[in-house]
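Asker: Handing you a structure now.
The values are calculated or read from the model by the stated rules, or taken from the named source; none is laboratory data. All values derive from a computational prediction rather than experimental measurement. FYI the Cβ positions are ideal-geometry reconstructions off the backbone, even for glycines, and counts take in every protein chain you see.
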Amino acid sequence: MNDQSPTISKTVLAAHSLVSVQGRFYRAVPSNPNIDPLRGSRGAGRYSRAGQSSLYLSASADGVSVAMQAHPNQNSYERITIALEVAAPAIFDLRDIDACRAAGIDRNDAFAPWQEIAISGGTPASWHVRDRLETLGARGLLDPSRQSPGLWHLCLFEWNKPGAATVKVLQLQPPN
């Protein structure tokens with residue numbers, strides 16, 4: 001796959017720095033052709049409660065591999081990595097320490113372990129990070145990889161509806 005880096009442009013909305021992101025992203029999806037690759041996550045995730053709209057993407061195919069290490073038993077389907085074209089406005093960049101401070105976001109909350117808390121019925125701190133960002137008008141976030149510094153991910157809160165990010169599948173089949 002062609003790992004062209006997405007572009008990021010900064011804007012200011014509601015006195016908080018939000019960015020627009022555009023380019024090619026990658027996502028691991030079940031190889032089952034009956035499952036829509038743009039349906040988003042259904043279970044709980046770092047930034048989403050079960051049933052809450054979230055589309056988790058990576059800025060590179062390597063980022064997908066690294067991210068999936070945290071989800072070894074996601075489900076019984078074999079997964080493939082697909083390429084998508086994304087144009088996303090109003091994205092908060094958790095990599096920007098100053099922006100986090102200005103928005104009242106504690107990065108430790110965003111990066112804290114969440115899976116065991118969610119499984120036990122608790123509310124992970126990272127879910128509160130998303131709640132705060134949504135009140136500021138963010139429609140997603142950029143998340144640095146904790147396992148591989150330099151890699152990063154995009155979590156969209158909404159997509160393919162008016163005012164939200166647009167996401168199109170570029171490649172459904174992995175390259176030979």
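Asker: Test PRO144 against the stated conditions and say whether it is more than 13 Å from the chain's Cα centre (by Cα) and at pLDDT below 95.
Answerer: So PRO144 does not fit the description; no.
Asker: Right, something else. Name the single residue, out of those in the stretch 75-125 being over 17 Å from the mean Cα position of the chain (by Cα) and basic (Lys, Arg), that is nearest to VAL21 (Cα to Cα).
Answerer: Out of the qualifying residues, it is ARG101.
Asker: Of the conditions (1) part of a loop (DSSP other than H, G, I, E, B); (2) in contact with an Asp or Glu (Cβ under 8 Å, 6 or more places away or on another chain), LYS168 clears all except one; give me its number.
Answerer: (1)
Asker: Here is a further query. Kindly indicate the residue of the stretch 124-159 that is of a type in the set (Asp, Glu) and over 15 Å from ALA90 (Cβ atoms) and also surrounded by the most Cβ atoms within 10 Å (Cβ to Cβ) among those meeting that condition.
Answerer: Out of the qualifying residues, it is ASP143.
Asker: Anything in the stretch 107-150 that is more than 12 Å from SER48 (Cα to Cα) and among the hydroxyl-bearing types (Ser, Thr, Tyr)? List them, or say none.
Answerer: SER120, THR135, SER145, SER148, listed by residue number.
Asker: From the list ALA14, ALA50, which residue is exposed (fewer than 13 other Cβ atoms within 10 Å of the Cβ), at pLDDT 90 or above and in contact with a Gly (Cβ under 6 Å, 6 or more places away or on another chain)?
Answerer: Answer to the check: ALA50.
Asker: Shifting gears a bit: What about PRO33, is it surrounded by 15 or more Cβ atoms within 10 Å (Cβ to Cβ) and part of a loop (DSSP other than H, G, I, E, B)?
Answerer: No.
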